[in-house]
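**Student:** Encoded as structure tokens, here's the structure I'll be asking about.
Bear in mind these aren't lab numbers, they're just calculated from the coordinates by the rules spelled out. Treat the numbers as computed from the prediction; the structure is a model and nothing was measured. Neighbour counts are summed over all protein chains in view; Cβ atoms, including those assigned to glycine, are modelled from backbone coordinates with ideal geometry.
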Amino acid sequence: MPHAITRAVSAARVILLTAPDLDGDAVGAIAALARAITLRWPGRRVIIGVDEPLPERYRSLADADLFHVAPDLPDAPIDLALVLDGDPSRLKAVAPFYQGARLRGLVDHHKSSVHADVDAPFLDPTCSSTAEMVLRLCDHWGVPLDRQLAEGIWAGMTFDTSVFRYRLTRPATLRAAARLLETGIDHARIVEQVLLSQSADKVRLRGVMISRMHIDGRLAWAALDAATVDGTETGGLVDDLVFIEGVEVGALIVDRGDGRVKISLRSRGAVDVSLVARGLSPRGGGHARAAGATLHTPLEAAARATVAAARSALAGPAAGV
Ligand SMILES: [Mn+2]
């Protein structure tokens, strides 16, 4: 039970909520947690501070004006800072605000967050999504589920499980999902906006990725240069690599054009790609079946390192759990 976090929230007056990546789970979880805290403790001031503006596709879940982009955060001494859906080492401009808080906490389901050293951790790597953990907090706090809470939690849960397809979907996930639908939310519209709807550029980029893909035994990988990507969002493209027959690990290597190369990894076999990601970079990590890392090398070197690490993980006897 999340007692440490409950004590920390109830004792705080100003609470900062943040996340390293604004994906569907992070945004849904932040929106729902901000509401749950203000419903349970009406006097609390909740500040949402992040490293990037709220992406367009999530604007039906939360008011974009409430997402303050660091360093432009409201000037207030922060009693408690909570990082959601990722660990504090991955925060960028918002990191000094997080570190400067009197107490620091975490609400997360990433396996790699066990390394985070915080005052009030609430970590469950068996949970489908951080949003599902926020529902547990609502129940623990006696906050009744309403449509607005349910929309955020549903968005996070369906985003991270790809609509209940992935292994972390448990009986408890589906029971929780049923409760969310009982509030009367437009569940199909949320899935469409958060997960299914894509820009034409992204669909075209998927075609390029597939045409450039390499299949190397049980590994499928593709590398995309910065000119080809041209700022297009690449989230989820790697899923098309891992579900090829005979493939167990998919790797997408994307040159961001700013000196960083983003590695996205997926596994559907014995390989724990969070360990592969961590081997590539100390800040890499994630889940056993979905992980990532950022490298500061040229694209070719990043691709070589990724392919070598994935091959050795596929060959290794320690390809655990
Ligand atoms: Mn998540």
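**Student:** Residues of segment 58-74 with backbone nitrogen within less than 14 Å of a virtual label 7 Å along the Cα-to-Cβ line of SER197, please, listed as ranges.
**Tutor:** Correct set: 58-62.
**Student:** Could you pull out every one of the lysines with an alpha carbon less than 25 Å from that of LYS92, ignoring same-chain neighbours closer than 8 positions?
**Tutor:** Output for LYS92: LYS111, LYS262.
**Student:** Picking from LEU196, GLY24, GLN148, whose Cα lies most toward the positive end of the charge dipole for segment 3-196 (charges on Cβ: Lys, Arg +1; Asp, Glu -1)?
**Tutor:** Ranked along the dipole, the leading option is GLN148.
**Student:** A further question follows. Which of HIS214, PRO53, ALA309 sits farthest toward the positive end of the charge dipole of the chain, with +1 on the Cβ of Lys and Arg and -1 on the Cβ of Asp and Glu?
**Tutor:** Going by the charge dipole, the pick is ALA309.
**Student:** Between the DSSP loop rule and a limit of at most 16 other Cβ atoms within 10 Å, which GluC sites (Glu not before Pro) in segment 197-261 are left?
**Tutor:** Hits after loop and neighbour filter: GLU233, GLU245.
**Student:** Show me the trypsin sites (Lys or Arg not before Pro) within segment 160-208 that DSSP assigns to loop and that have at most 15 other Cβ atoms within 10 Å of their Cβ.
**Tutor:** Hits after loop and neighbour filter: ARG165, ARG167.
**Student:** Over the chain, calculate the relative contact order: mean separation of alpha carbon pairs under 8 Å at least 6 apart, over the residue count, as a percent.
**Tutor:** It rounds to 13 percent for the chain.
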